[in-house]
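Beneath this line is the structure, given in C-alpha cells, with notes to follow.
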C-alpha cells in the first residue's frame, strides 16, 4: 500500500472546529445591522472559516465588512477576509453586515465550517 493515502490516515491534519454567534447591533424600519463572531473552538489552529445562512424573502445584504461574501438568491455565504482567517484555538474574528428589507432579523443558528 505504499504511496496510497487512505482516509483517516494518522498523518492527515486534524480538522478544526469553529462556532459562529450573531448579535443585532442596530435596527430600524426597513433594515438592521448585525455582527457575527467566529471562534476557533477546536484545539488546532485554523487557516480559514466560512459561515452561511438564508435570509427571509424580501431581505438582502446591503453591505458587509471584514469578510468575503457570495450570494445565491436568499443564501449568504461569508468566507474570512485575507487578514482574519488564521485563528489559534480560542481566538475569534468578527464580521458585520447591514440588511435591507422588512421583517427584522430572524436569522437563528449560523453554521460555521473550517476551510
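Tell me, what is the percent relative contact order of the stretch 15-115, built from C-alpha pairs under 8 Å that lie six or more residues apart? In percent, rounded to a whole number, it is 41. If the segment from residue 72 to residue 98 were pulled out straight at 0.36 nm per residue, it would be longer than the present Cα-Cα gap by 7.7 nm.
Highest mean first, the peptides 72-83, 91-102 sorted by other C-beta atoms within 10 Å per residue fall in the order 91-102, 72-83. Label-to-label distance, residue 28 versus residue 63, with points set 7 angstrom from Cα along the beta-carbon direction: 1.1 nm.
FYI, it's all coordinate maths here, none of it is from the lab. If you're wondering where the values come from, they're calculated on a predicted model, not measured in any experiment. Neighbour counts are summed over all protein chains in view; Cβ atoms, including those assigned to glycine, are modelled from backbone coordinates with ideal geometry.
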